[in-house]
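Comments concern the structure below.
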């Protein structure tokens with residue numbers, strides 16, 4: 001998909017469309033059904049039905065995120081309660097519900113769109129759910145295979161949760177800053193750690209648990225990441241301009257950890273600290289373009305049987 005065409009062609013058209021037909025977004029919201037396990041049986045037929053429900057939910061979530069990005073800032077404040085109600089329902093999905101927990105990645109994309117296009121005051125109701133969900137998703141990285149957490153958070157969901165956290169740290173909404181310390185070290189110890197230092201923030205705890213490779217990365221940070229952090233613009237760490245590539249196959253968790261998650265967790269605190277004190281402005285266009293890239297990524301679409 002040509003992202004320049006989406007950004008310069010589709011989004012302006014969609015902006016006019018939602019201005020003239022204000023029922024479009026509410027109508028897309030009503031198409032999403034909450035997860036259910038009623039009447040689910042096992043077998044090829046049940047799997048096919050679940051995949052179809054996942055695909056329809058995924059498409060509608062991506063439509064919501066795209067319409068939010070296309071519209072003016074705060075254009076859908078009246079619809080926020082309905083959107084969050086649907087997102088909370090979908091966050092209750094499991095591996096065997098219909099739709100299943102495979103749609104979690106797309107829920108996180110919708111939240112990214114809402115963060116980028118709404119004033120922080122309108123998102124106040126969302127932070128308890130977002131914080132709890134981020135904590136659970138990131139903690140699942142070190143969960144044993146076939147555990148409840150491992151089954152609930154697939155690789156696609158984990159990387160999207162990381163991108164959501166990355167964006168929140170970059171944009172730094174007022175209410176999220178109150179809870180930022182739960183996820184990253186936001187003091188000078190992010191850069192200069194004493195010999196008695198013990199990680200408290202979730203990301204640093206996970207980094208330490210993932211092994212010595214992440215410790216090595218702390219001592220020798222990614223040069224591109226530090227250059228990006230000290231530049232005139234604040235950007236997410238994950239992505240083409242952030243320093244850590246997000247181009248990775250989501251088939252194998254061990255590959256995802258080695259190529260993306262381990263360096264991401266090892267460097268996020270120092271990257272956030274350096275970005276904050278570089279006093280750069282948030283590069284919203286880059287944040288939006290990174291989200292569009294994920295929304296229009298055909299490889300991440302759920303395939304039918």
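The values are calculated or read from the model by the stated rules, or taken from the named source; none is laboratory data. Worth saying up front: this structure is predicted, and the values here are computed from it rather than measured. Quick reminder, even Gly has a Cβ in these numbers, built from the backbone with ideal geometry, and neighbours come from all protein chains shown.
Couple of notes before you dig in:
- For segment 48-99, a residue qualifies if it is buried (at least 18 other Cβ atoms within 10 Å of the Cβ) and touching a residue at least 60 places away in the same chain (Cβ under 8 Å), and the qualifying residues are 51, 54, 58, 62, 65, 66, 69, 70, 97, 98, 99.
- Any chance residue 79 is within 26 Å of residue 128 (Cα to Cα) and either touching a strand residue (DSSP E or B) at 6+ places or on another chain (Cβ under 8 Å) or modelled with pLDDT of 90 or more (or both): yes
- In segment 260-304, the qualifying residues are those that are closer than 20 Å to residue 105 by Cα and surrounded by fewer than 17 Cβ atoms within 10 Å (Cβ to Cβ), and the one that is modelled with the lowest pLDDT is 304.
- Between 153, 108, the distinction of being surrounded by 22 or more Cβ atoms within 10 Å (Cβ to Cβ) and modelled with pLDDT under 95 belongs to 153 only.
- Which numbered condition residue 28 misses (of (1) part of a helix (DSSP H, G or I); (2) under 22 Å from residue 111 (Cα atoms); (3) in contact (Cβ under 8 Å) with a residue 40 or more places away in the chain; (4) under 23 Å from the mean Cα position of the chain (by Cα)): (3)
- Test: residue in segment 204-216 that is outside any strand (DSSP E or B), surrounded by 15 or more Cβ atoms within 10 Å (Cβ to Cβ), at pLDDT below 85 and touching a helix residue (DSSP H, G or I) at 6+ places or on another chain (Cβ under 9 Å): yes
- Within segment 130-144, the set of residues being within 27 Å of residue 74 (Cα to Cα) and at pLDDT below 95 is empty.
- Applying a threshold of 9 Å to beta carbon distances and a minimum spacing of six or more residues, or different chains, the list of pairs starting in segment 231-254 at a residue that is in contact (Cβ under 8 Å) with a residue 40 or more places away in the chain and at positive phi and ending at one that is assigned to a loop (DSSP other than H, G, I, E, B) and surrounded by 15 or more Cβ atoms within 10 Å (Cβ to Cβ) reads 239/246.
- For the condition more than 22 Å from the chain's Cα centre (by Cα), within 21 Å of residue 107 (Cβ to Cβ) and modelled with pLDDT under 90, residue 50 qualifies.
- Leading residue by the ranking (surrounded by the most Cβ atoms within 10 Å (Cβ to Cβ)) among those in segment 225-242 that are closer than 13 Å to residue 271 by Cβ and at pLDDT 80 or above: 236
- Some residue of segment 123-137 being surrounded by 15 or more Cβ atoms within 10 Å (Cβ to Cβ), touching a residue at least 24 places away in the same chain (Cβ under 8 Å) and more than 22 Å from residue 68 (Cα to Cα): yes
- Residue 249 surrounded by fewer than 21 Cβ atoms within 10 Å (Cβ to Cβ) and modelled with pLDDT under 90: yes
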